[in-house]
Amino acid sequence: MNYFLTGGTGFIGRFLVEKLLARGGTVHVLVREQSQDKLAQLRERWGVDDSRVKAVIGDLTSKNLGIDAKTLKSLKGNVDHFFHLAAVYDMGADEESQAATNIEGTRAAIQAAEAMAAKHFHHVSSIAAAGLFKGIFREDMFEEAEKLDHPYLRTKHESEKVVRNECKVPFRIYRPGMVIGHSETGEMDKVDGPYYFFKMIQKIRHALPQWMPTIGIEGGRLNIVPVDFVVNAMDHIAHLDGEDGKCFHLVDSDPYKVGEILNIFSEAGHAPKMGMRIDSRMFGFIPPFIRQSLKNLPPVKRLTAAVLDDMGIPPSVMSFINYPTRFDARETERALKGTGIVVPRLTDFAPVIWDFWERHLDPDLFKDRTLRGTVEGRVCVVTGATSGIGLATAQKLADAGAILVIGARKLERLKEVADELESRGASVHAYPCDFSDMEACDEFVKTVLDNHGHVDVLINNAGRSIRRSLDLSFDRFHDFERTMQLNYFGSVRLIMGFSPKMLERRRGHVVNISSIGVLTNAPRFSAYVASKSALDAFSRCAASEWSDRNVTFTTINMPLVKTPMIAPTKIYDSVPTLSPDEAAQMVADAIVYRPKRVATRLGIFAQVLHALAPKMAEIVMNTGYRMFPDSPSAAGSKSGERPKVSSEQVAFAAIMRGIYW
């Protein structure tokens, strides 16, 4: 037999061609001129040459599919089955492109089939042709379709109407359900249908342990079928005698509800399952105009759009959560009786679907999540860049190709660092600045903007820490003043200086090196923690104002890091700390992913404990305060004697790794 296919190189088409080749026929595939390489690759997959699978150059949106007269003449009378699969299968596609492909493309396919004098025309429609019909939609129903407002639903309905009203070749219509990957291999070509929710499931998996039940949604029944069932059924029915003029629903006769589907794929992806599913239809008692008014409130619209965008879910998909249609498939079941061609249960093949998606289709696989991809050629400012976290961060940015601006107080050391970074091939610009001096901060901002025009990333790292009990600080108010001057006012001065250009360009990221002490309320660090808390609060307020202008803030509640800043406190030599390079990696991740906050799990736990059981948290911190003494210098001693560290102190510090004591 001889076959002709539109969409033969598409997802369903490539599997159908394989089935048709197994019948020993010759397959003609419509391809664009520029797509011949794709067909050549598929021939290798099918294990055939161009004598079995022949390319027919044309275009779906042109009359007679754009096939030249000579080729049409050669095909006339030589096509037993014409399969029209080419269509837009994308819920997010614009209406114009869907109409051109789905409706006019179908009309062109019919013209070509008639010009070839094809014996049978097979139109692959979709259950979308039923619109949002409420109830059971039979295979002999068509005009009864309802709610065809969505372009995808409308164009699929209209393309089927073209076949019914205009096709003179004996035709058969197939309405597959939501087609997903192969039930044995998981193979799929794009994210569509239920795949849109996989990223949400993955994010939940990363945030929560698998055993923790969650609360989710319930909705209508979504009819999901694997591509191998669709192709096997279509191949069998197409070759049966006496079935012309009929429509076949290639669907699951027992479809799952939305919540069940999400739970099945949550289990497949090792994510928590929804212990409780709230059916959105329970809110049906609320008048529609009130629901619509709430949805149209600007904050609600922005929040909804932000969440859907983060999850990669097109807004139009949400309108199908309460899908109201069930599909009768009696004709299909009759035609397939005794063949063994059945829809496998989703629970049986969901793991291979998930595995293929995570290995090949996860959108994050195609995003450049490297530091180089984020900062190369961009102006990045690092304060306090001559030692510790600042130096390690500057080295990472230099190696990633950033236009690096570094600032610090000591000119000689600043030049040494600049030379070292330039020796690594970096573009480095060093400007001395005492960031506790507001006039010096203003001059630094002016110099950077004059020389570079703008700043893409500002890393407020320069800081001062004082470890001293309040009992020893009653006559040292200047400790609080100078700590606030550098840690808070200096950072805010830079933010206020660089932000106007960021806002003008609608692009900018501020990374503030804060402290785990802000989360734990660390004793002995009242001056330091207060200054960092002030900066955290300022950044949250600024982020609320600039959220819609793409100027973002990340606060890093940094745990204890072995830097020159903690060197005077000798007891820290015996407790677990991060290395500067580990801390710099936290900064790099913050630059790449732009989270609101970066913190250790212990830091987050401490914050939760302070919120839920503040007295308990206070007792824990007070225990640590009593266990670790002030340093001799903080107490006013000049002996320089190294304090002895007990095994109890080491054990306590190990349990509370990263917390300041």
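Bear in mind that the values in this text are calculations on the coordinates, not laboratory data. Fair warning: this is a prediction, and the values are worked out from it, not measured in the lab. Here the Cβ positions follow ideal geometry from the backbone for every residue, glycine too, while neighbour counts run over all protein chains shown.
Quick one: compute a quarter of the convex hull surface over the Cα atoms of the chain and quote it in nm². Before the final figure, lay out the partial values.
Values: hull surface 149.5 nm².
For the chain, the mean projected area of the Cα convex hull comes to 37.4 nm².
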Taking 208-220, 191-203 and ranking on average Cβ neighbours within 10 Å, highest first, one gets 191-203, 208-220
Alpha-carbon centroids, region 530-552 and region 371-435: separation in whole Å | 24
Virtual spin-label span in nm between Arg23 and His478, 7 Å along Cα→Cβ = 9.4
Pop the C-beta distance of Ser97 and Ala207 into the FRET formula with R0 = 30 Å and round what comes out to the nearest 0.05.
-> 0.25
Calculated on alpha-carbon atoms, Rg and Dmax of region 2-362 in Å | 21.2, 66
How far is it, in nm, from the label point at Ala117 to the one at Ile604 when both lie 7 Å from their Cα along the line to the Cβ?
-> 7.1
Using all Cα-Cα distances in region 513-557, what percent lands in each 5 angstrom bin from 0 up to the longest?
-> 5, 24, 27, 18, 13, 8, 4, 1
FRET efficiency for His236 and Arg594, Cβ-Cβ distance as r, R0 = 41 Å, nearest 0.05?
-> 0.20
5 Å-binned pair-distance histogram of region 431-503 (Cα, whole percent) = 3, 15, 24, 20, 13, 9, 7, 5, 3, 1
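Contour minus end-to-end for Arg43 and Lys168, with contour as 0.36 nm per residue of separation and end-to-end as the Cα-Cα distance? Walk me through the intermediate numbers first.
Values: separation 125, 0.36 × 125 = 45.00 nm, distance 3.22 nm.
Here the answer is 41.8 nm.
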When the label point is put 7 Å from the Cα of Arg334 along its Cα-to-beta-carbon vector, which residues of region 214-257 have a backbone N closer than 14 Å?
-> 241-249
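Just to verify a number: FRET efficiency for Gln34 and Glu412, C-beta to C-beta distance, R0 = 51 Å, to 0.05?
0.25
Using packing as a proxy for protection, rank 597-607, 47-57 so that the peptide with the highest average count of other Cβ atoms within 10 Å comes first. Intermediate values should be presented prior to the final figure.
On the way: 597-607: 17.9, 47-57: 14.9.
Result, highest mean first: 597-607, 47-57.
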